[in-house]
Amino acid sequence: MSIKMIVTDLDRTLLRTDKTISDKTAAVLNRCRKQGVKIVFATARPKNRIDIFSFINIASALISDNGAVVYMDNKITDSFGIPAAIAKPFVRKLVAAVPNERTSIEYPHLKIANFDKSEVWFADIVNDIDHPLDIDATKIVVNAGVEIYNKVFELLHEDIYAQLCEERLILIMHRTATKWNAIQTVAAHFNISANEISAFGDDYNDVEMLRECGIGVAVANAIDEAKAAADYLCDTNDNDGVAKWLEENVL
């Protein structure tokens, strides 16, 4: 297969359930990189939650916050955030509608929340959801799932959308903030076509990139929608599924 770029989700795809990757997976990715294949990690995580992994340094680019921010050489090259003029009134309306849900508005280097996120997030945190910043937000997160999704959906501004993540989070982003849109930006930078990209994923936010990239591969533990969008299935995230597929089809 003529693959010039590998794009992979992290949680429940490349990462095992315990949030680690095996030596085998790390070695396979490194072999692909040494053969000239670009490695790109595309995740809903913010940058500071990607940097905790030592293997990240092999990446040619990082796509964080579900596609809202693109990093190359550890610098932001592109961003697709929610303008403050939209984010600020929306967050106030959201918190009023679901006052008992843990909600945060996130920026590249700061999280503003209505609860203490220090137990699960490594970043500067301000517990003052009533005062969002006058800059673009990368995303807005509600720590709840399908049970309140419809209520959140009814509040959406026309320029933002909401997406379930692992059935336990609702991610709210600008319409242009998708993994696929960010992938196209990275691919253009490297002069790589969609047909030369292999994408790996498991969740709702991976469906579009699995369908649009030249080869889409869903892990066996993926949701049904991701499997339906993919061209291939590989083994689970706990059984080196991504690495096994790359060994067989790329290396």
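Structure above, values below:
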| read-out | value |
| --- | --- |
| Output for the range 224-246, where each listed residue is in a loop (DSSP other than H, G, I, E, B) and either open to solvent by less than 30 Å² (accessible area, probe 1.4 Å) or on the phi > 0 side of the Ramachandran plot (or both) | Ala230, Asp240 |
| Test: residue in the range 230-238 that is of a type outside the set (S, T, N, Q) and in contact (Cβ under 8 Å) with a residue 40 or more places away in the chain | yes |
| Hits in the range 91-143 (condition: at pLDDT 80 or above and small (Gly, Ala, Ser)) | Ala96, Ala97, Ser104, Ala113, Ala137 |
| Candidate set from the range 1-19 (those that are open to solvent by 10 Å² or more (accessible area, probe 1.4 Å) and of a type in the set (Ser, Thr, Tyr)); member that is farthest from Asp65 (Cα to Cα) | Ser2 |
| Looking only at the range 32-52, and only at residues there that are modelled with pLDDT of 95 or more and of a type in the set (D, E, K, R), the one that is surrounded by the fewest Cβ atoms within 10 Å (Cβ to Cβ) | Lys34 |
| Conditions (1) modelled with pLDDT of 95 or more; (2) surrounded by fewer than 22 Cβ atoms within 10 Å (Cβ to Cβ): number failed by Phe55 | (1) |
| Residue count, the range 72-88 (criterion: assigned to a helix (DSSP H, G or I), modelled with pLDDT under 95 and open to solvent by 50 Å² or more (accessible area, probe 1.4 Å)) | 0 |
| Which listed residue, of Ser64, Ser60, is over 19 Å from Thr176 (Cα atoms) and hydroxyl-bearing (Ser, Thr, Tyr) | Ser60 |
| Cβ pairs under 6 Å, 6+ apart, first in the range 49-74 and over 16 Å from Gln184 (Cβ atoms), second open to solvent by 30 Å² or more (accessible area, probe 1.4 Å) and not in a loop (DSSP other than H, G, I, E, B) | Phe55/Ala26; Ile58/Asn30; Ile58/Arg33 |
| Lone qualifier among Ala194, Ala187, Ala228, Ala243 - being among the small types (Gly, Ala, Ser), farther than 21 Å from Cys32 by Cα and at pLDDT 95 or above | Ala228 |
| Condition met for Leu29 (open to solvent by less than 30 Å² (accessible area, probe 1.4 Å), among the aliphatic types (A, V, I, L, M), without any contact (Cβ under 8 Å) to a residue 60 or more places away in the chain and closer than 23 Å to Ala218 by Cβ) | no |
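Matching residues to (1) under 24 Å from Ala26 (Cβ atoms); (2) in a helix (DSSP H, G or I); (3) without any contact (Cβ under 8 Å) to a residue 12 or more places away in the chain:
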{"residue": "Glu147", "(1), (2), (3)": "no, yes, yes"}
{"residue": "Asn150", "(1), (2), (3)": "no, yes, yes"}
{"residue": "Glu154", "(1), (2), (3)": "no, yes, yes"}
{"residue": "His157", "(1), (2), (3)": "no, no, no"}
{"residue": "Met173", "(1), (2), (3)": "no, no, no"}
{"residue": "Val186", "(1), (2), (3)": "yes, yes, no"}
{"residue": "Asp206", "(1), (2), (3)": "yes, yes, no"}
{"residue": "Glu248", "(1), (2), (3)": "yes, yes, yes"}
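The values are calculated or read from the model by the stated rules, or taken from the named source; none is laboratory data. Quick caveat, the model's predicted, so the values are computed rather than measured. Note that we place each Cβ from the backbone using ideal geometry, even for glycine, and neighbour counts take in every protein chain shown. Only protein heavy atoms, including side chains, enter the accessible area calculation; ligands, DNA and RNA are left aside. Shrake-Rupley method; radii C 1.70, N 1.55, O 1.52, S 1.80 Å.
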